[in-house]
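The values are calculated or read from the model by the stated rules, or taken from the named source; none is laboratory data. Every value quoted in this text rests on a predicted model; they were computed, and no experiment measured them. Neighbour counts run over all protein chains shown; Cβ positions are idealised from the backbone, glycine included.
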Amino acid sequence: MTREEAIKKIIFAMDVKGFDEIEMWAERLSGHVGMFKVGKQLFTSCGPEAVRTVQKAGGEVFLDLKYHDIPNTVAMATLEAAHLGVKLSNLHALGGYEMMTTTMETLDKKFSSSERPKVLAVTILTSSNEETLRGVGIDIPVKEMVVKLAKLAKSAGIDGVVASPQEIGLIREACGDDFLIVTPGIRPAFAATDDQKRIMTPAEAVKSGCDYMVIGRPIAAHPDPVAAAKLIVDEIVAG
């Protein structure tokens, strides 16, 4: 794998609070990561302009708002994400088949497949484990539940999933090579695990078959974020 290919796989989690920080990170990491994730904290603080600020700096955006509501509401929210020009957006697979298929049908009426963002379904959050699931009444093992949700998402026309790197192989087997897999829970060899429970190194995740990996604190908290991004690329290429 080339360094350029490795860079494109990295999504930087932009967990910041204001426009000055958005501009700073977008300018600093441009060319060193493939995409910038705008999540709930940043979107709640700055709104759609957060996305536009990244785009003005030349960055692509993964809008990580994890929609989960009645089908029409999620469909309309995802349509607005498409109008913003984001590259990736997502929803919760636990919202069910009707919610997911309504969303994709709504998008396909307004956009061609090449124009619209790719839509991902969140399976089980990487901060969750068997005990977490049992606490909300799900007795199915995590890996089995992830595959079940991934297959449901694919049947509804969703483009891919957000899932722990530890489930990549199982999802590939169940859903095929053309199904996108975006993996949080990635921790480079030089970084702490923080609050993630189901983790993997960048090299391991790529070797397992992920399309993109979301990485935040290992880059943002490093004394030299650009150097950290380069170290991650080194790990991917070496792996």
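Summary table
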read-out: All positions within the range 4-38 that are part of a strand (DSSP E or B) and at pLDDT 95 or above; value: Ile10, Ile11, Phe12, Ala13, Val33, Met35, Phe36, Lys37, Val38
read-out: Count of the range 221-239 residues which are modelled with pLDDT under 95, out of contact with any Lys or Arg (no Cβ under 7 Å at 6 or more places or on another chain) and small (Gly, Ala, Ser); value: 2
read-out: Candidate set from the range 208-227 (those that are more than 18 Å from the chain's Cα centre (by Cα) and either free of Cβ contacts under 8 Å to residues at least 40 places away in the same chain or surrounded by 22 or more Cβ atoms within 10 Å (Cβ to Cβ) (or both)); member that is nearest to Ala13 (Cα to Cα); value: Ala221
read-out: Qualifying residue in the range 28-43 (condition: among the β-branched types (Val, Ile, Thr) and under 19 Å from Glu5 (Cβ atoms)); value: yes
read-out: Residue within the range 56-73 that is surrounded by fewer than 16 Cβ atoms within 10 Å (Cβ to Cβ), among the basic types (Lys, Arg), out of contact with any strand residue (DSSP E or B) (no Cβ under 6 Å at 6 or more places or on another chain) and assigned to a helix (DSSP H, G or I) present; value: yes
read-out: Condition broken by Cys46, with the remaining ones in (1) surrounded by fewer than 19 Cβ atoms within 10 Å (Cβ to Cβ); (2) more than 19 Å from the chain's Cα centre (by Cα); (3) not hydroxyl-bearing (Ser, Thr, Tyr) satisfied; value: (1)
read-out: Subset of the range 22-40 (residues that are surrounded by 14 or more Cβ atoms within 10 Å (Cβ to Cβ) and over 16 Å from Val226 (Cα atoms)); value: Lys37, Val38, Gly39
read-out: Verdict on Met1 being at pLDDT below 95 and either assigned to a helix (DSSP H, G or I) or more than 22 Å from Ser112 (Cβ to Cβ) (or both); value: yes
read-out: Enumeration of residues in the range 162-190 that are under 17 Å from Ile232 (Cβ atoms) and at pLDDT 95 or above; value: Val182
read-out: Spans of helices (runs of 4 or more DSSP H) in the range 75-180 with at least 2 residues small (Gly, Ala, Ser) and touching a residue at least 12 places away in the same chain (Cβ under 8 Å); value: 142-155, 168-175
read-out: Which numbered condition Ser164 misses (of (1) over 23 Å from Leu65 (Cβ atoms); (2) crowded, with 21+ Cβ neighbours inside 10 Å; (3) among the polar types (S, T, N, Q)); value: (1)
